[in-house]
Amino acid sequence: MATLAEIASQRTSLDEATIDHLLRLTASWSLLADLSFSDMLLMAKVDEPSNRGEESFVVLGQVRPNNRSTLINNDLVGTTQRPDAWPLVRLAFDTGTRVVGELKLDALDDRVPVWCIPVRFDTGIVAVLVRVQGPLRGPASLYEQAYLSIFERLCDMVADATFPYREDDVAGPGMPRVGDGIVLIDGAGHVEFATPNATNALHRLGIYAPAEGRSLDELGLRVRAVERALEFALPAMEEVDQGHDVAILFHCVPLLEHAKTTGVVILLRDVSDLRQLNRLVLNKEAAVREVHHRVKNNLQTISSLLRLQARRSDEVETRTALLEAERRVRSIAVVHEVLSREPGEEVVFDEIVRSLVLLVEDTVLALHPVEIVVNGQLGVLSTDLATPLAVALAELLTNAVEHAFTEFGGPSNEHVGVVTLNLYQEGGNAIAEIRDNGRGLGEDFSLDVPTSLGLSIVRDLIRAQLHGTIEMKSVPHAEGGGTYVRVEVPTTARL
Ligand SMILES: Nc1ncnc2c1ncn2[C@@H]1O[C@H](COP(=O)(O)OP(=O)(O)OP(=O)(O)O)[C@@H](O)[C@H]1O
Ligand SMILES: [Mg+2]
């Protein structure tokens, strides 16, 4: 569907500033539809070569009331209307004054009351606002009369080019609606009337005195937005809080007559629930962060217990086993550490990689001088994927620094051990390649023969848990030797 700006620039001769004015009008015109309990149409003159000599109108916008049923069921936006079907629109264009009358609509049997309000911008009439009035249910109540009188004042402003406001950037979705409650303030700042919903909102702010005839100041309410609207005729919004639990949004619409402020319409909306929800969401995020923080702390406690126990053990084998377990627990803690900083369904894996490399260097590097180089990155991964992958990579990196260089002797040796970790995403898979320039795998090495714990863990995590693949092979001497491991896991599959 075409937008107002598109229709206007293609079918009319209106310039950009005028179209902008009409856009601002339609951004806040649901207020007009609600105050008048009516459907509204915005019509402009068509300017097309094929149309020469014969004038017709194009519908630029259409809005329905929220508090009454609509009279116009079809979508008229973008349609061309013949002038003889809308003689009153033409009259409003020609005279520049409001034209009130009746009209026969295609969809309806009876004639319906119609108002045609000229929309002025700069010095000319640029469009006509058509109000198609629904039948009033019985005599208008006091509030309906009040709404209609505000509507009339706003219509005069439309014809005077003072509504929509030039500086109104607060209109649009999310702004309070008529049903939320209205307070009308006169030119002297006194409350003329307040609807029942508005009175409720004032109660929630702790104001129980009858509002009529008093200024907000006298009621004990200081709202800068209202003062601003009265003093400078500027629309404004402000949230007024009462304690921790109550928040009422004041949306102030100044009313002007001959460039003088004659009053302010305040639309009130109780946003307490919204604010509370926001607070809850914030609290929940903090709670998730805290949980990760505690999980990390607990894992670190477990790993120190294992380390203590390892120290007490006299048997080398037991001690090694305990230290290995300690390292594994710590590689899981790394993931929670990152999550405690930014909790969520996803995590920046590169931060985890950085910590893992430090961890591996910390644990085993003391034995041989080895350099770990990381190329590329995996970006953001789901947390379900990040934890197992982190543990698997920790095992593989540890293996490389632990086993690859055992035949190269001590630090004095010329050979420099290098372990490279290449990370990238390709075709929906996260890929990690670990390459070392060490001694390579033994003749009889096979990944599928379950022997030691380390590779069993890796196999299980990559294949069974992450539905991925792993490949391990020695690199021929001619190509630099050492071991090459490739891990590939889908990033999208649900785990
Ligand atoms: N990068 C490598 N270079 C040379 N040999 C390797 C490499 N990675 C693994 N190996 C060989 O594969 C064997 C199995 O590794 P695995 O991680 O399963 O056990 P581990 O490291 O000996 O003990 P742990 O259970 O503590 O990890 C190793 O003992 C080693 O001989
Ligand atoms: Mg190992």
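For R307, indicate whether it is in a helix (DSSP H, G or I) and surrounded by 15 or more Cβ atoms within 10 Å (Cβ to Cβ). So R307 fits the description; yes. When residues of the range 455-481 are filtered for being away from ligand 2 (no atom under 13 Å from the Cβ) and farther than 20 Å from Q425 by Cα, how many remain? Residues that pass the stated criteria total 11.
Here are some conditions: (1) surrounded by 14 or more Cβ atoms within 10 Å (Cβ to Cβ); (2) within 16 Å of ligand 2 (Cβ to nearest atom). S452 meets all but one. Which one does it not meet? If we test S452 against (1) surrounded by 14 or more Cβ atoms within 10 Å (Cβ to Cβ); (2) within 16 Å of ligand 2 (Cβ to nearest atom), just (1) comes out false. The one condition from (1) on the phi < 0 side of the Ramachandran plot; (2) modelled with pLDDT under 90 that G53 does not meet is (1).
Hey, among E317, E361, E326, E371, which residue is among the charged types (D, E, K, R), within 15 Å of ligand 2 (Cβ to nearest atom) and more than 23 Å from V295 (Cβ to Cβ)?
Numbers: E361 fails: within 15 Å of ligand 2 (Cβ to nearest atom); E326 fails: more than 23 Å from V295 (Cβ to Cβ); E371 fails: within 15 Å of ligand 2 (Cβ to nearest atom).
Exactly one residue qualifies, and that residue is E317.
Scanning the range 1-46 for residues that are touching a helix residue (DSSP H, G or I) at 6+ places or on another chain (Cβ under 6 Å) and assigned to a loop (DSSP other than H, G, I, E, B), we see that the one that is nearest to V253 (Cα to Cα) is L14. Quick check on the range 437-466: of everything there that is in contact with a strand residue (DSSP E or B) (Cβ under 6 Å, 6 or more places away or on another chain) and in a loop (DSSP other than H, G, I, E, B), which residue is farthest from V418 (Cα to Cα)? The extreme case among them is L466.
Take the conditions (1) under 16 Å from L268 (Cα atoms); (2) part of a helix (DSSP H, G or I); (3) at pLDDT 90 or above; L230 misses just one of them, which is (1). For the range 405-425, indicate whether the set of residues that are within 16 Å of ligand 2 (Cβ to nearest atom), among the acidic types (D, E) and either modelled with pLDDT under 90 or in a strand (DSSP E or B) (or both) is non-empty. Scanning the range 405-425 turns up no residue that is within 16 Å of ligand 2 (Cβ to nearest atom), among the acidic types (D, E) and either modelled with pLDDT under 90 or in a strand (DSSP E or B) (or both). Looking across the range 435-449, the residues that are more than 9 Å from ligand 1 (Cβ to nearest atom) and either without any contact (Cβ under 8 Å) to a residue 12 or more places away in the chain or more than 50 Å from the chain's Cα centre (by Cα) (or both) come down to E443, D444, S446, D448, V449. Output yes when any residue across the range 349-357 is within 15 Å of ligand 2 (Cβ to nearest atom) and either part of a helix (DSSP H, G or I) or buried (at least 16 other Cβ atoms within 10 Å of the Cβ) (or both), and no when none is. Yes, the range 349-357 contains at least one residue that is within 15 Å of ligand 2 (Cβ to nearest atom) and either part of a helix (DSSP H, G or I) or buried (at least 16 other Cβ atoms within 10 Å of the Cβ) (or both). Inside the range 368-387, residues that are over 30 Å from the mean Cα position of the chain (by Cα) and at pLDDT below 90 make up a count of 4. Against the list (1) assigned to a strand (DSSP E or B); (2) surrounded by 15 or more Cβ atoms within 10 Å (Cβ to Cβ), the condition K473 fails is (2). Scanning the range 198-215 for residues that are closer than 25 Å to R153 by Cα and surrounded by fewer than 17 Cβ atoms within 10 Å (Cβ to Cβ) yields E212, G213, R214, S215. Beta carbons closer than 8 Å, at least 6 apart along the sequence or on distinct chains, pair a first residue in the range 376-405 that is not assigned by TED's automatic domain parsing to the domain that holds E326 with a second that is within 14 Å of ligand 2 (Cβ to nearest atom) and in a loop (DSSP other than H, G, I, E, B) for A400/G438; V401/L367; E402/L367; H403/G438; A404/G438; F405/G438.
Return the total of residues in the range 181-234 being among the hydroxyl-bearing types (S, T, Y) and out of contact with any helix residue (DSSP H, G or I) (no Cβ under 9 Å at 6 or more places or on another chain). Qualifying residue count for the region: 2. Residue pairs whose Cβ atoms lie under 6 Å apart, sitting 6 or more positions apart in sequence or on different chains, and linking a residue in the range 236-264 that is more than 23 Å from V178 (Cβ to Cβ) to a partner that is part of a strand (DSSP E or B), are D241/A247.
The values are calculated or read from the model by the stated rules, or taken from the named source; none is laboratory data. Everything numeric here is computed off the predicted structure, so don't read it as measured data. All Cβ positions, even for glycine, are placed from backbone atoms using ideal geometry, and neighbour counts span all protein chains on display.
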